[in-house]
Amino acid sequence: MGPETGPQGSSTDPAEKFEWLVCHTRPRCEKKFAALMAAESLEHYLALIQSIRRYQQQTKRFTKPLFPGYVFAHVPIEKKARIYQQDLLARAILVEDEARFLRQLADVRTIVSSGLELAVQPLLTKGRRVRVVGGPLHGIEGYIDNPDNPRGIVVAIDVLRQGLLVTMALESLQPLP
C-alpha cells in the first residue's frame with residue numbers, strides 16, 4: 001500500500017519551467033501512465049490503496065488507484081507533448097493554485113501512507129442536486145440544504161414554490177451531474 005512516485009525533479013537545467021498537471025488517463029491506464037512517467041524520469045504521484053476481493057473459493061489482495069483515472073505529474077513545459085506519446089492520457093488539466101495543490105497532495109500522501117481505511121467522497125455544496133441511494137427514499141432527488149451544517153436534502157414542490165427538508169445522512173446521497 002503506497003504511492004508510486006518518480007524522481008524529485010531530474011532536470012539538469014535550473015531555468016527549465018515545470019507545471020503540475022492533473023492527468024486524466026484513459027480507463028484502467030493509471031499504473032501504465034505512472035510507469036511511463038517513471039521511464040521519462042518525470043516526478044509524478046499515483047495514490048494507491050489496498051483492496052481485498054472475496055470470491056467463493058479465495059480472497060485476492062491488490063492495489064488500486066485511490067482516485068480512479070487520475071495521476072498527478074510535474075512536467076517540464078517543453079516535454080508536455082511527451083506525456084501523450086502512448087495514448088494513455090485523455091487530457092491534462094493545469095493546476096492553477098500550485099501552493100494549495102502541493103499542501104493537499106502532501107495531505108493525501110500522509111493519509112494514504114497511514115494505512116487507515118478511507119474512501120473518496122464528492123464535495124457537496126449548497127444547491128447541489130443529489131439522489132438518495134438507500135433506504136425508504138431510494139431514488140428521490142433533491143438539493144443539499146447547507147453543507148456547513150448538513151441536515152439533509154430539500155425536495156422541491158415547484159407548483160407550491162415550497163420544499164420539504166428531509167433530514168438524512170449525507171452518506172446516503174449521490175451527487176447528480
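The values are calculated or read from the model by the stated rules, or taken from the named source; none is laboratory data. None of the values given here were measured: they were computed from a predicted structure. All Cβ positions, glycine included, derive from the backbone under ideal geometry; neighbour counts span all protein chains shown.
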Looking at segment 76-133, which of its residues are touching a Pro at 6+ places or on another chain (Cβ under 7 Å) and under 30 Å from Ile52 (Cα atoms)? Arg109, Val112, Pro122, Leu124, Val130
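So that you can scan it fast, the table gives a plain yes or no per residue for (1) surrounded by 15 or more Cβ atoms within 10 Å (Cβ to Cβ); (2) assigned by TED's automatic domain parsing to the domain that holds Leu48; (3) within 28 Å of Arg26 (Cβ to Cβ):
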position	(1), (2), (3)
Ala81	no, yes, yes
Tyr84	no, yes, yes
Arg91	no, yes, yes
Val95	yes, yes, yes
Glu98	no, yes, yes
Leu124	yes, no, no
Gly142	yes, no, no
Asn146	no, no, no
Consider Phe62 against the criteria (1) assigned to a strand (DSSP E or B); (2) closer than 19 Å to Cys29 by Cα; (3) touching a residue at least 24 places away in the same chain (Cβ under 8 Å): it satisfies all of them except one. Which criterion is unmet? (3)
Out of (1) closer than 19 Å to Val112 by Cα; (2) in contact with a helix residue (DSSP H, G or I) (Cβ under 8 Å, 6 or more places away or on another chain); (3) modelled with pLDDT under 90, the odd one out for Gln85 is which? (1)
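Would you confirm, using the coordinates I've provided, whether Val71 is in contact with a Pro (Cβ under 9 Å, 6 or more places away or on another chain), in a strand (DSSP E or B) and at pLDDT 95 or above?
yes
Of all residues in segment 79-114, how many are outside any loop (DSSP other than H, G, I, E, B) and touching a Lys or Arg at 6+ places or on another chain (Cβ under 8 Å)? Steps first, please.
So in segment 79-114, the residues outside any loop (DSSP other than H, G, I, E, B) come out as 79-84, 89-94, 98-114.
Going one step further and asking which of them are touching a Lys or Arg at 6+ places or on another chain (Cβ under 8 Å), we end up with 89-90, 92.
Qualifying residue count for the region: 3.
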Pairs returned, first residue in segment 101-121 that is free of Cβ contacts under 8 Å to residues at least 60 places away in the same chain, second residue that is among the aliphatic types (A, V, I, L, M) and surrounded by 11 or more Cβ atoms within 10 Å (Cβ to Cβ), beta-carbon separation under 8 angstrom, 6 or more apart or interchain, are Ile111/Leu118; Val120/Leu66
Looking at segment 78-92, I want the residues that are among the small types (Gly, Ala, Ser) and have a partner that is surrounded by 13 or more Cβ atoms within 10 Å (Cβ to Cβ) with Cβ atoms under 6 Å, at least 6 apart or on another chain. Which pairs are those? Ala90/His24; Ala90/Arg26; Ala92/Leu21; Ala92/Cys23
